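Have a look at the structure below, then the notes.
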Amino acid sequence: MRAQVLTAAGRPLAATELPAPHPSPQQLLIAVRACAVCRTDLHIVDGELTDPKLPLVPGHEIIGTVVEKGESADRFRIGDRVGVPWLGWTCGICEYCRSGRENLCDRARFTGYQIDGGYAELTVADRRYCFAIDPSYGDVEAAPLMCAGLIGYRTLRMAGDARLIGIYGFGAAAHIVAQVARHQGRRIFAFTRPGDLPAQAFARSLGAEWAGGSDEAPPEPLDAALIFAPVGALVPASLAATKKGGTVVAGGIHMSDIPSFPYRILWEERGLRSVANLTRRDAEEFLALAPEAGVRTGTVTYPLDSANQALADLRGGTLQGAAVLVP
Ligand SMILES: [Zn+2]
Ligand SMILES: [Zn+2]
C-alpha cells in the first residue's frame, strides 16, 4: 500500500510502499477514504511531541471502510463506514480508566503517534475505538469531525454553561465548535491573528457576532475563552478578556511557553485548564450531536502524495477549515 511515512522528527514525510497491515484479533482493517490533517500532526512531524513510534504513518482523523476483521472484532461489519480518532487504545484498569477519564489513561496509545494512522491507503484500528459516521456526511467532510470536532467539543464542554464564548485561533476546531455553540444558543466572539481579515470574515460567516485580532479587547467581557492556537501569549490575553468567575480552556496538545502575568487577571475566581485527548463517550456524544446541530465542515483536499504540502499550508496558517488527504 502507499503511505506517507515519518522516519525522523524534522524530516519531510516520505512516500513509501508498505506491506498491507494485518488486523490483530481485536482490530479492523480499514480502507482509508479520507484523513484530515491535524495541528497535532505538525507537532509530531516537527518534533514538539517527542514520543512517536518511528517510522510512523501519521494521521488520526480517519474515515474509511471496513475490509477485513480480526477474529474477535465483534463491532461493525465488512463494508461499514467507520471513523477512527486520536484515542487508539486504553488499558481499562488504571485509576483514570476506572473513573471515566480514559483520556488520561496511564498507558493510552494514540493513532498516528504510537499506532500507525491514516496517511495511507490502509490502516488497522481496535474496533472499540472506531465509530459509525452519520450518512449525511461525505467521507472528506466527515474527516475533520474525528479530532477538530471531537476535541473541540470536549473543549467547549469544559466551558460549562458559559453563554458568551471567545474563541482564540479560528482554524479547523474553531470552525466546528462555533457551529455547535451557536446551535446551543451561545454567543461567539472570534479572535484571529492580528490583521487576518479573511479568517475574521470566515468566523462571522459561521455565526461569530464579533471577530477581531487576538491583540484587541472584545466589545464585552467573555464568560469563557477557548484557545485553539498554539500560542502561550493567548493565555494572559484571554484571561484579561474574561469575566469574574469565567474559564479559559486550552484545547491544544502543545503550546509555546506562557509568559508570566499578574495574578490579578486570574484572581476573582477565573479558572484556567487544559483539555487532553478524548474519551469514547465524547466521540459518541459529539458524532450524534453534529448532524443534529447541522454542523458542516469546510475542507481543502489534497492527494495523499501531497501530505507535505498540506502540512506546510497548515503551518503557514492560510487554510480556512481543514486540510484532508485523499488516497
Ligand atoms: Zn488506563
Ligand atoms: Zn488531532
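The values are calculated or read from the model by the stated rules, or taken from the named source; none is laboratory data. Just so it is clear, the model here is predicted, and its values are computed rather than measured. All Cβ positions, glycine included, derive from the backbone under ideal geometry; neighbour counts span all protein chains shown. SASA here: full protein model, heavy atoms, side chains in, ligands and nucleic acids out. Shrake-Rupley method; radii C 1.70, N 1.55, O 1.52, S 1.80 Å.
Just a few scattered comments:
- Of the GluC sites (Glu not before Pro) in the stretch 67-113, those whose Cβ has at most 14 other Cβ within 10 Å and which sit in DSSP loop: 71, 95
- Bridging of residue 53 to lysines at a Cα separation below 27 Å is possible for 69, once same-chain residues fewer than 8 apart are set aside.
- Sequence-distant residues sharing a close amide H with residue 226 (under 5 Å, placed H): 166, 167, 168, 249
- Those trypsin sites (Lys or Arg not before Pro) in the stretch 100-203 that DSSP places in a loop and that have at most 15 other beta carbons within 10 Å: 101, 107, 163
- Couplings for the stretch 238-248, taken from phi via the Karplus curve 6.51 cos²θ - 1.76 cosθ + 1.60 with θ = phi - 60°, read 6, 4, 5, 8, 9, 5, 3, x, x, 10, 10 Hz in order; Gly and Pro are left as x.
- Dipole moment magnitude, nearest 20 debye, the stretch 207-267 about Cα centre, only Lys, Arg, Asp, Glu C-beta charged: 240 debye
- Applying the criteria of a DSSP loop state and at most 12 other Cβ atoms within 10 Å to the GluC sites (Glu not before Pro) of the stretch 206-284 yields 268, 269.
- Neighbour net charge for residue 214 - beta-carbon separation under 11 angstrom, K R +1, D E -1: -2
- Summing Lys and Arg as +1 and Asp and Glu as -1 over all other residues whose Cβ lies under 14 Å from the Cβ of residue 142 gives a net charge of -2.
- The portion of the accessible surface of the chain made up by carbon and sulfur, rounded to a whole percent, is 51 (1.4 Å probe; DNA, RNA and ligands excluded).
- Cα lying deepest toward the dipole's positive end in the stretch 69-208, options 200, 96, 151, charges on Cβ: 200
- A 1.4 Å probe run over the protein chains yields, for the chain, 41 Å² of accessible area per residue, whole-number rounding.
- Taken along the Cα-to-beta-carbon direction at a fixed 7 Å, the label points for residue 326 and residue 67 span 1.8 nm.
- Spin-label model, residue 215/residue 308: points 7 Å from Cα along the beta carbon direction are separated by 3.4 nm.
- Close amide H partners of residue 272, meaning residues 5 or more places away or on another chain with modelled amide H under 5 Å apart, are 248.
- Cβ-based net charge around residue 155, under 12 Å, with every Lys or Arg adding one and every Asp or Glu removing one: +2
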